[in-house]
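Take a look at the structure set out below.
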Amino acid sequence: MSSISFAILRRMALAGVLVCLLVGVGFYFIQERGVNDFVLTLTAPQSDELASSGASRDDQAVYTSILDAVLRRAVAAQVFDNEWNLRGETANPRFDSLREVLTGQTRDFPRDTARHQHVIRTGEVMVIQIQMPILDTTRTQVGILSGLFVVPGRIDQQLQQHFRYALLAVLAAVLLTAAVLYPMILLLNRKVLRAAQDIMRGNLEMAETLGTAIAKRDSGTGNHNYRVCYYALRLGEAVKLDEIAMRRLVIGAFFHDVGKIGISDAILLKPGKLTDEEFAAVKEHVSLGLEIIRPSEWLRAGSDVIEFHHEKFDGSGYLKQLRGEEIPLIARIFAIVDVFDALASRRPYKEPLSSEEAIAKVREGAGSHFDPRLVGLFAGIATDVHREITSLDEGEVGRMLLQKISYYFLFPDKVPLLT
């Protein structure tokens with residue numbers, strides 16, 4: 001399973017658990033209220049039963065008969081008239097020990113004519129506390145009954161079993177829905193990912209094409225851009241750059257000299273040594289490069305390489321004379337591979353150095369031009385990488401490079417080591 005599929009599954013599982021918890025909690029309170037009402041109908045005395053117990057609301061016998069009618073099921077009970085004067089109370093001696101356990105667990109209901117109930121569980125016993133109006137045969141209120149009633153154990157067990165089954169059914173429905181939705185979401189995600197990859201692939205091909213065009217104007221070949229990008233990838237891996245930094249390094253490597261578009265051919269292609277004025281003009285390619293990429297958020301990711309790859313570790317570079325670790329890491333990486341490739345490549349005005357000679361020259365600049373730690377890392381891989389890349393023609397290098405960098409932009413969860 002790919003990391004993207006696993007991430008979707010993990011998030012759906014987490015969402016399913018949260019939904020189950022929320023639904024379960026809501027269902028619990030709904031069921032609890034339903035259980036309370038159901039228990040009340042099975043346990044508490046009904047108005048008709050109480051109404052048949054007497055004929056006159058002013059007759060004490062009415063209240064006495066009500067208490068007699070409920071005593072069998074009551075732990076304790078009280079009866080009041082409509083003015084909340086106590087007219088009688090009783091307690092079932094069978095529940096004396098239970099009554100002591102319930103002390104402090106009952107509620108104080110408001111003194112009104114509404115119906116109130118509260119379920120109390122103590123051990124394996126379920127008790128319901130009620131407060132309800134007493135109506136006569138004409139549905140006129142003649143008093144209020146307050147008491148504690150024991151729920152038969154068989155009813156309690158049935159209610160708990162019903163609650164468990166209902167809750168499991170709700171949770172199963174949520175999980176089943178998630179299981180049905182997962183492949184649909186995965187399919188949609190794959191379509192979106194494929195579209196995003198097509199767009200990113202187009203961006204990479206554009207970067208490769210433009211970078212190559214720029215390099216060809218300067219050196220007559222696009223191989224320089226391919227090589228320095230490949231060297232940069234290899235050194236970036238040796239440094240253990242994360243995926244984001246690696247993508248910024250790649251974009252910067254492709255466009256590191258984009259500003260040279262604004263430098264005249266007379267200066268850029270001059271075979272001999274440049275004058276101070278000409279060299280000052282060449283330096284401007286850094287600022288020009290930043291201006292060119294500024295409108296594109298995607299290309300701005302490479303700005304550190306474009307802006308700082310001519311800085312030197314001792315602060316003698318340009319344009320800002322940064323020194324040491326003030327220079328961004330990806331710019332320090334690129335500075336090494338850019339110079340190494342220039343030394344190891346054939347140019348109209350010079351023959352190429354061997355990889356050993358080129359890395360020796362780079363070593364000479366450690367601590368002054370280059371970060372000495374990065375020089376040490378690059379020296380360990382330079383000869384092998386140079387041998388690998390010089391065995392390929394320009395087209396093969398381009399295809400290999402595009403395949404390699406695609407993993408960092410299109411499949412970051414499957415980035416292979418290039419070593």
Taking the simple approach of a point 7 Å from Cα along Cα-to-Cβ for both Arg346 and Trp84, what is their distance in nm?
-> 10.8
Listed peptides 325-333, 282-290, 236-244 by packing density, highest first (mean Cβ within 10 Å) = 325-333, 282-290, 236-244
Rounded to whole angstroms and listed largest first, the alpha-carbon spread of segment 265-419 along its three principal axes comes to 47, 39, 33
Normalise the Debye intensity by I(0) for segment 305-353, one equal point scatterer per Cα, no solvent, then take log10 at q = 0.13, 0.16, 0.19, 0.31 Å⁻¹ and round to two decimals.
-> -0.33, -0.47, -0.61, -1.03
Could you give the alpha-carbon Rg of segment 52-153 over 2.2 N^0.38 Å, rounded to two decimals?
-> 1.07
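The numbers here are math on the coordinates, done by the rules we state, and not lab data. Since we're looking at a predicted model, the values are computed, not measured. Backbone-built Cβ (ideal geometry, glycine too); neighbour counts: all protein chains shown.
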